[in-house]
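Heads up, the thing below is written out as structure tokens.
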Amino acid sequence: MDFKGRVALITGAGSRQGIGREIALFLAKNGADVVVADYNLEGAKEVSEEVRSFGRKAIAVQVDVANSASVDGMVDSALNEFGKVDILVNSAGITQPVKVIDTPEADWDRIIAVNLKGTFLCSKAVLKSMMKQNYGRIVNLSSVSAKRGGGVYGGAHYSAAKAGVLGFAKALAREVAEYGITVNSVCPGMIETNIRKNSAALGVDPINFKNAELPTEVEQAIIASVPVGRLGYAIEVAETVAFLASDGAAYITGEDIDINGGSHMD
Ligand SMILES: NC(=O)c1ccc[n+]([C@@H]2O[C@H](COP(=O)([O-])OP(=O)(O)OC[C@H]3O[C@@H](n4cnc5c(N)ncnc54)[C@H](O)[C@@H]3O)[C@@H](O)[C@H]2O)c1
């Protein structure tokens, strides 16, 4: 995969062990310049330094993907610096493993706003530039939760948001195919990142965030249910996202790819 000359904007890329960071680094290693966007500006700055260590250009941008003014500012920064956005990866996300009966309305709203509305706002904001150049790749981070329901992976609000992302991607894929823009999603199973701790610190009421640290026995039970016999690594998600973001994936759109070690097959 060769991303030389491509500009990638990756949201949620400022998390030290996160999927977005791994995607930023993989694309940079393969030639892309990167806009590292995150709510956490310090984290975004660290990752943009890592991108530069591969000889690529990078800027760090603070963004709240749930806020349209903030998202427009992020895309303006990208266009001012690089003149275009070829690849958008919607990786910013938060989860909250909580039962419906215990879910406050405000937490429902925030989970939907970051995971679903954020995907809409960021996609909308890059479309004009992608349509003008008749080229674009949009890849969304959905989740196995979209297909199998929540449980330890996140509550019903998270499942609903991630399922919404799949429907959104298919509809947008139809709208923009004629402009050379593809829109796809990946559905990871449980990947070793700090999403639970990060989510507890961001946006959702920590009081309602049960088990930010997953109990060992729960983790063992999850692993036992994965045919491959382990949790996934962020780099394994990054490689699939990179493929969907590559020129070679031009005839794949509206698709979603499971990355879950066989824990859910459809
Ligand atoms: N880790 C998993 O097991 C898993 C499984 C399936 C799907 N996913 C999805 O993958 C994506 C990346 O998750 P991760 O595991 O790397 O989590 P992470 O917490 O390591 O990274 C997510 C990043 O998103 C940022 N973020 C949160 N809210 C934001 C906002 N409003 N605006 C901008 N940035 C914001 C956080 O600061 C964080 O840096 C998420 O969309 C998540 O739902 C993760």
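Taking into account only those residues within the range 165-211 that are farther than 15 Å from Pro97 by Cα, among the hydroxyl-bearing types (Ser, Thr, Tyr) and within 18 Å of the chain's Cα centre (by Cα), which is modelled with the lowest pLDDT? Filtering the range 165-211 for residues that are farther than 15 Å from Pro97 by Cα, among the hydroxyl-bearing types (Ser, Thr, Tyr) and within 18 Å of the chain's Cα centre (by Cα), the one modelled with the lowest pLDDT comes out as Thr193. Report, ordered by the first and then the second residue, all pairs with beta carbons closer than 6 Å, sequence separation of six or more or different chains, a first member in the range 239-255 that is buried (at least 17 other Cβ atoms within 10 Å of the Cβ), and a second member that is part of a loop (DSSP other than H, G, I, E, B). Filtered contacts from the range 239-255: Ala242/Met1; Ser246/Met1.
Only a single item in (1) near the ligand (Cβ under 10 Å from one of its atoms); (2) among the charged types (D, E, K, R); (3) surrounded by fewer than 22 Cβ atoms within 10 Å (Cβ to Cβ); (4) within 20 Å of Asp76 (Cβ to Cβ) is not met by Lys57, and it is number (1).
Conditions (1) under 25 Å from Ala58 (Cβ atoms); (2) near the ligand (Cβ under 10 Å from one of its atoms); (3) aliphatic (A, V, I, L, M), marked per residue:
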site	(1), (2), (3)
Ala106	no, no, yes
Ser143	no, yes, no
Ala163	no, no, yes
Arg174	no, no, no
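Only one of the numbered conditions (1) within 19 Å of Met131 (Cα to Cα); (2) near the ligand (Cβ under 8 Å from one of its atoms); (3) of a type in the set (Gly, Ala, Ser) is violated by Gly14, and that is (1). Would you call Lys4 more than 16 Å from the ligand (Cβ to nearest atom) and within 25 Å of Leu231 (Cα to Cα)? Criteria not met by Lys4.
Taken over the range 17-47, the criterion of being away from the ligand (no atom under 13 Å from the Cβ) and in a helix (DSSP H, G or I) is satisfied by Phe26, Leu27, Ala28, Lys29.
The values are calculated or read from the model by the stated rules, or taken from the named source; none is laboratory data. Quick caveat: nothing in here was measured; it's all calculated off a predicted structure. Neighbour counts run over all protein chains shown; Cβ positions are idealised from the backbone, glycine included.
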